[in-house]
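Undergrad: Take this structure first; my questions come after.
The values are calculated or read from the model by the stated rules, or taken from the named source; none is laboratory data. As the structure is a computational prediction, the values presented were derived from the model and not from experiment. Note: ideal-geometry Cβ built from the backbone for every residue, glycine included; neighbour counts use all protein chains shown. What goes into the accessible areas is simple: the full protein's heavy atoms, side chains included, and nothing from ligands, DNA or RNA. Shrake-Rupley method; radii C 1.70, N 1.55, O 1.52, S 1.80 Å.
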Amino acid sequence: MKGVILAAGRGERLRPLTDDRPKVVLKVANRPIIEYVMENLYPFVDEFVIVVRYRKDWVVNALGDEFRGKPITYVEQLSGEGTAKAIESSAGSVDEDFIAVNGDIYFEAGAIRELISAFRREDADASILVKHFDDLSHFGRVEVEGNRVKGIVEKPGGVPGYANLGIYAFKSEVFDFIGKTPLSERGEFEITDTINLMVEAGLTVIAVPYDGYWNDIGRPWNLLELNEYLLKNKLRHGIRGTIEEGATIIPPVEIGENTVVRSGTYIIGPVKIGKNSRIGPNCFIRPYTSIGNNCHIGNAVEVKNSIIMDNSNAPHLNYVGDSIIGENTNLGAGTITANLRHDKGNVKVEIKGKLEDSGRYKLGAIIGHNVKIGINVSIYPGRKIGSGSFVGPAVVVDKNIPPNSLVVLKQEKEVRRL
C-alpha cells in the first residue's frame, strides 16, 4: 500500500512563516511537519508519493529520496486547485489501494491503523477518518448512517457532528470519479465532492471515528498547540551537549550534540534544544519551548512556550513569550514580545486580511525568516513581521509589517549648547 501525501499548498494563513517555503516543511519541536505525517504512515505503507508544487525544492531538500529506507516519489500537482486535483496527480504512481493524507495535519499512528482495518474489514471503496466536534464551522460535516457515509457538507456552521479529518483510504477506482468531479463554488476540485459522487453511485464509503489527538495546522497558533502537545507527550529526556557547572536542568529536557548550556541558565522542561546552540549564561527557558539548531539564547533572556527555529538568536535582554520566530532571525538587545492584552481578552491575528480570534489570551509575535530587529523594539501581541524585514531601534510594532520592509522610527531632536 502506498501513502499519498498532499504537500503542494503554500499555507497563506501561516504567513509570514510561509513567505518563502511551503508549510509542510515548517518545524515544530525541531522537525518538519511532514515528517510527523510520514512517521505515522510508515508502519502501513511501503512507499511514499508526495504531491508538490509551491517551492517544491524545499520539500525535496528536506526529505531526499527515501524515508527510513522506504522510497519517496515526488509528483507535481496538475493544473488546477483542490484536493481532488492533488490526489489525481498521483494516479501515474498509484495502481493499488492507497492512503491519501493532507500533509499539514498531525495525527497518531493509531488513526491509520483504525482506518485501514475498517477499510479492509468492510471491503470498502473508500474510508474516511472522522472526529466528533461540537462546532463544525471550520470543517466539512460527514453525514453518516451507521458507519456508512451518506454525504459530506462543507462548513455547515456551528453545529455538532463528525468532521472530515483529511485522511482517506481509497481503491484505485477513485480516479474514475475524480475525473467526473465538477468545479466547486470555491473554484476548486474537492475530494469531498468526489466522495459524494461515489456515494450517489452506490459505492461503499465508510466513516471511521477517531478519538485521538489531531491538529489541522492552518494558523500560526496551531503550531504552538502542536509544539506543546509534542513536548508534553513525546519528549524523552536526554543531554548530548555540555552543561556547565551552575546551570539547572529540570527534566524532561532534550539537548542536542555540541550545544553548550552555560552557568546560571535555568531550564524547566519540557524543553527541546537542537544541535550546536549556545544557551546562556544567566537565561531562563520555561516549559513548552523548542529551540532549533545553531541558535543563541543569551544573557538575561527569558523564553516561554515558544518556537525558535534554526539559526536564530535572542542574544541578550529579551523576552520571548508564546511566540514563533522563524529561521535566521536576530532580536536586538532589549527586544520584547508582548503576549497579553491589558483587558486579558483573546488575542486577534490578521489572517488573509481579516482579524481572527486566536482563542488564546496569551499570544506573542509571529516573526518570519531572515528578519533583523534593532535594539529596544517592543512588539504588540499577535503582530506579524514579514520575512526579510529590518526593524530599526526603538520601534513599537503595533501593526503588521509586510515582507522585505524597512521600518525605522523618525525622531526629531533639539540640541542646544549649555
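Undergrad: Once R0 is set to 30 Å, what does the formula 1/(1 + (r/R0)^6) return for the Cβ-Cβ distance between Ser79 and Lys150, expressed as a FRET efficiency to the nearest 0.05?
TA: After rounding, the FRET efficiency stands at 0.40.
Undergrad: Further question on the same structure: Quick check for me: using +1 on Lys/Arg Cβ and -1 on Asp/Glu Cβ, what's the dipole size of region 251-389 about its Cα centre, in debye to the nearest 20?
TA: Charge dipole of region 251-389: 240 debye, to the nearest 20.
Undergrad: Can you tell me the mean projection area, over all orientations, of the convex hull of region 284-418's alpha carbons? Units nm², please.
TA: Dividing the Cα hull surface by four gives the mean projection, 10.0 nm².
Undergrad: Return one whole number: the accessible area per residue of region 350-408 in Å², for a 1.4 Å probe.
TA: On a per-residue basis, region 350-408 sits at 48 Å².
Undergrad: Helix-only estimate, please: 222 nm mean residue ellipticity of the chain, summing -39500 (n - 2.57) across DSSP H runs of length 4 or more and dividing by its residues, to the nearest 500.
TA: That comes out to -4500 deg cm²/dmol.
Undergrad: Can you tell me the equivalent ellipsoid semi-axes for region 227-280? Use √(5λ) from the Cα gyration tensor, largest first, whole Å.
TA: Result for region 227-280: semi-axes of 19, 12, 8 Å.
Undergrad: Please get the size of the charge dipole for region 49-138, origin at its Cα centre, with Cβ charges of +1 on Lys and Arg and -1 on Asp and Glu, quoted in debye to the nearest 20.
TA: 280
Undergrad: So what's the net charge close to Val142: Lys and Arg +1, Asp and Glu -1, counting the other residues with Cβ under 12 Å from its Cβ?
TA: Neighbourhood net charge equals +1.
Undergrad: Give me the lysines in straight-line cross-link reach of Lys180: C-alpha distance below 26 Å, same-chain residues under 8 apart excluded.
TA: Lys2, Lys85, Lys150, Lys155, Lys171
Undergrad: Using a probe radius of 1.4 Å on heavy atoms only, what accessible surface per residue do you get for region 181-234? Whole Å² is fine.
TA: 42
Undergrad: Under 13 Å between C-alpha atoms is the cut-off here; go through region 311-406 and count lysine pairs that meet it, provided they're at least eight residues apart or on different chains.
TA: 6
Undergrad: As an exercise, find the ratio Rg/Rh for region 73-147 from alpha-carbon atoms, using the Kirkwood inverse-distance average for Rh.
TA: 0.97
Undergrad: Of the options Ile206, Ile250, Gly218, report the single residue whose Cα projects farthest towards the positive end of the charge dipole of the chain (beta-carbon charges: Lys, Arg +1; Asp, Glu -1).
TA: So the residue furthest toward the plus end is Ile250.
Undergrad: Using a Förster distance of 41 Å, how high is the FRET efficiency between Leu355 and Ser184, based on the Cβ-Cβ distance and rounded to 0.05?
TA: 0.95
Undergrad: Follow-up question, since we're still on this one. Residues of region 110-149: accessible area per residue at 1.4 Å, in Å²?
TA: Accessible area per residue: 51 Å².
Undergrad: Can you compute the FRET efficiency between Phe133 and Arg240 using 1/(1 + (r/R0)^6), with r the Cβ-Cβ distance and R0 = 35 Å? Round to the nearest 0.05.
TA: For Phe133 and Arg240, the calculated efficiency is 0.30.
Undergrad: In 5 Å bins starting at zero, report the fraction of Cα pairs in region 261-311 per bin as a rounded %.
TA: 6, 25, 33, 31, 4
Undergrad: What lysines does Lys272 reach when the alpha-carbon gap must be under 19 Å and sequence neighbours fewer than 8 apart in one chain are set aside?
TA: Result set, ordered by chain and number: Lys27, Lys232, Lys234, Lys304.
Undergrad: Further question on the same structure: Any idea what diffusion coefficient the chain gets from Stokes-Einstein, in µm²/s, Kirkwood Rh on alpha carbon pairs, 25 °C, 0.890 mPa s?
TA: Taking Rh from Cα pairs, D becomes 108 µm²/s.
Undergrad: Determine the principal axes of the Cα atoms in region 1-129, then give the extent along each, sorted from largest to smallest and rounded to whole angstroms.
TA: Largest to smallest, the principal-axis extents are 44, 34, 28 Å.
Undergrad: Moving on to the next point. How large, in percent, is the carbon and sulfur part of the accessible surface of the chain at a probe radius of 1.4 Å?
TA: Reported share for carbon and sulfur atoms: 47 percent.
Undergrad: Related question: What Kirkwood Rh does region 137-179 have if only Cα atoms enter the pairwise 1/r average? Answer in Å.
TA: 11.8
Undergrad: Which semi-axes, in whole Å and largest first, does the equivalent ellipsoid of region 189-291 have when worked out from the alpha carbon gyration tensor as the square roots of 5 times its eigenvalues?
TA: One finds semi-axes of 45, 12, 11 Å for region 189-291.
Undergrad: Can you tell me the dipole magnitude for the chain around its Cα centre, using point charges on the Cβ only (Lys, Arg +1; Asp, Glu -1), in Debye to the nearest 20?
TA: Dipole about the Cα centre, nearest 20: 2060 debye.
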